[in-house]
1. Only one of A:ARG164, A:ARG141 is among the charged types (D, E, K, R), within 14 Å of chain B (Cβ to nearest Cβ) and over 16 Å from the mean Cα position of the chain (by Cα); which?
2. What are the residue pairs meeting all of these: first residue in the stretch B:136-156, first residue within 14 Å of chain A (Cβ to nearest Cβ), second residue part of a helix (DSSP H, G or I) and hydrophobic (A, V, I, L, M, F, W, C), Cβ atoms under 6 Å, and 6 or more apart or on different chains?
3. Could you tell me whether the stretch A:200-218 includes any residue that is under 24 Å from the mean Cα position of the chain (by Cα) and within 14 Å of chain B (Cβ to nearest Cβ)?
4. Test B:MET221 against the stated conditions and say whether it is of a type in the set (A, V, I, L, M, F, W, C) and over 23 Å from B:LYS58 (Cβ atoms).
5. Go through the residues of the stretch B:54-61 one by one and say whether even a single one is within 14 Å of chain A (Cβ to nearest Cβ) and closer than 26 Å to B:ARG259 by Cα.
6. Checking the conditions here, which among B:ARG259, B:ARG209, B:ARG153 is in the same structural domain as B:ASP36 (by TED's automatic domain parsing) and out of contact with any helix residue (DSSP H, G or I) (no Cβ under 6 Å at 6 or more places or on another chain)?
7. If we keep just the residues of the stretch A:144-158 that are part of a helix (DSSP H, G or I) and more than 8 Å from chain B (Cβ to nearest Cβ), which is surrounded by the fewest Cβ atoms within 10 Å (Cβ to Cβ)?
Amino acid sequence: MKRALIAIVVFGALLAGWQLGGDAGLWSDTLMPQPMTIAGWLRGAIADGSLLDAVIVTGRRLLLGYGVGLCLGIPLGLLTSRSRLLQDTLGLLALGLQTLPSVCWVPLALVWFGQTETAMGFVVVMGTLWAILLATADGVRNVPPIYVRAARTMGSGPVHTLLRVVLPASLPFVIGGMKQGWAFAWRSLMAAEIYVTVLTGFGLGHLLHYGRELHAMEQVLGVMLAIMAVGLIVDRLLFLPIERALHRRWGTARG
Amino acid sequence: MSETTGVPTPDAGPELRLQGVRKFFRSRGSELLVLDDVSLDVAPGEFVCLLGPSGCGKSTLLNVVAGLEQPDGGSVHACGEAVVGPSRDRMVMFQEAALFPWRDALGNVMFGLELKPGLDRKARREVARYYLKLVGLERFEHAAIHELSGGMRQRVSLARALAPNPRVLLMDEPFSALDAMTREQLYADLQGIQTKRRKTILFVTHNVREAACLGDRIVVMSPHPGRICQIVDVPLPRPRDINDAGVAQIARAATALLRAQHSPAGNGAP
């Protein structure tokens with residue numbers, strides 16, 4: 001309760017300072033709109049439904065790209081951890097590609113797929129896949145061998161061991177990778193939406209882009225806030241409960 | 001409890017028969033002989049302790065019997081059949097409990113049962129509950145593994161090994177990481193369970209007293225290469241306590257045998 005109060009006081013003071021600074025004419029309203037102006041834009045965008053539409057369009061793309069990234073990343077991670085050959089080839093490639101900011105894929109995606117949903121999906125998948133693949137492979141390599149031996153003595157075959165022992169045992173790593181993958185997917189998609197103009201739906205990235213074109217900085221800042229809010233909500237609603245359950249089960253400390 | 005796999009065969013041959021088992025460890029071209037010509041028969045329901053210093057290959061021998069490792073020479077038969085891999089008829093208990101942290105105590109005991117055909121979920125749960133009760137943990141069914149003490153973890157591990165109703169229990173220094181008081185309680189419990197469930201047990205230890213307290217026979221092994229140097233019978237009544245005078249006496253004799261290996265004269269030759 002005390003922590004929440006501190007957060008409210010600190011952010012309240014920050015907003016008040018921002019608003020008062022604008023009132024006093026310390027900086028240009030065009031370059032840095034006041035909180036009330038941004039709140040006004042947000043209210044309008046929520047009222048006419050354009051913000052919600054953008055969130056839905058972006059969310060759909062995100063879930064699709066993220067889902068494909070997961071469906072490819074986890075099995076490929078399992079395979080990579082099991083085969084020396086894949087570890088030396090695919091593993092190395094994944095490590096290299098993970099360090100590549102996914103916005104670098106945008107020019108290639110545009111040439112390959114044109115101004116399409118596929119191009120955007122491709123960028124998102126490239127952003128997610130490698131982090132998830134690497135985390136899964138890492139998790140599997142960290143499974144204590146004694147678990148596998150114990151399972152074998154109880155009659156567990158290779159496939160059963162993989163699905164019922166190795167995969168759950170590496171879950172803390174896999175969830176970590178999924179969280180990282182989610183953050184990467186989110187970034188990739190914003191980059192893709194800013195650069196790829198499609199007529200199949202206006203996402204948050206497009207709203208931000210048009211805010212810039214219109215020199216409407218309150219729109220740019222409003223969309224930035226919306227992007228942060230969505231990211232925060234997903235983290236709290238999706239990942240936090242899973243992580244809590246894992247920590248409870250595994251008995252690892254959590255503050 | 002239904003007895004599907006635990007029925008002793010009428011011919012009453014040895015439950016385990018090891019004949020001339022040899023095992024090498026290979027590393028970068030050099031070969032190290034870890035087990036040399038080990039032969040041993042274990043009768044159904046017998047409790048045999050493998051005793052020896054570290055490096056005498058006793059754990060390797062246990063792994064070979066478990067089917068986790070293949071011998072380089074000789075053969076292992078379990079109730080007349082050659083051992084080619086792990087089997088639910090020979091369950092293993094390791095030094096570390098090796099319990100799965102993503103399952104609760106009951107879930108761990110149920111793991112082996114899930115692979116046993118002909119059991120539905122309800123039956124599995126019932127069997128698992130029975131064995132958790134047998135090891136005195138009926139109140140900890142839903143405890144997370146990290147919430148259990150070392151002794152309790154080994155109890156869950158024992159319940160997990162017993163649950164599929166194996167004929168043979170292979171125990172690899174299962175109590176060596178526990179404190180003395182917990183260990184003594186587990187000696188009593190294990191003997192009690194042994195009289196109730198009658199398993200053939202192969203128990204690896206480096207603790208002489210433990211071997212004398214638990215075993216019907218003590219197989220004393222010598223290192224480099226690992227081989228059987230002598231077998232000591234323990235004709236003491238059960239249940240035994242680690243502090244019994246008879247146990248102490250047998251332990252003294254076994255200790256003398258172990259010491260003799262290190263003296264220049266005694267090369268462990270039978």
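The values are calculated or read from the model by the stated rules, or taken from the named source; none is laboratory data. Please read these numbers as outputs of a predicted model, since none were measured by experiment. Note that each Cβ is placed from the backbone with ideal geometry, even for glycine, and that neighbours are counted across all protein chains shown.
1. Values: A:ARG141 fails: within 14 Å of chain B (Cβ to nearest Cβ).
Step by step, each of A:ARG164, A:ARG141 is checked, and only A:ARG164 is among the charged types (D, E, K, R), within 14 Å of chain B (Cβ to nearest Cβ) and over 16 Å from the mean Cα position of the chain (by Cα).
2. B:ALA143/B:ALA105; B:VAL156/B:ALA105
3. no
4. no
5. Yes, the stretch B:54-61 contains at least one residue that is within 14 Å of chain A (Cβ to nearest Cβ) and closer than 26 Å to B:ARG259 by Cα.
6. Working: B:ARG209 fails: out of contact with any helix residue (DSSP H, G or I) (no Cβ under 6 Å at 6 or more places or on another chain); B:ARG153 fails: in the same structural domain as B:ASP36 (by TED's automatic domain parsing).
Answer to the selection: B:ARG259.
7. Ranking the candidates gives A:PRO145 first.
One line per residue, one yes/no per condition, for (1) at pLDDT below 85; (2) under 20 Å from the mean Cα position of the chain (by Cα); (3) over 27 Å from B:PHE175 (Cα atoms):
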position	(1), (2), (3)
B:THR9	yes, no, yes
B:LEU16	no, yes, no
B:PHE25	no, no, no
B:GLY29	yes, no, yes
B:VAL34	no, yes, no
B:VAL42	no, yes, no
B:CYS49	no, yes, no
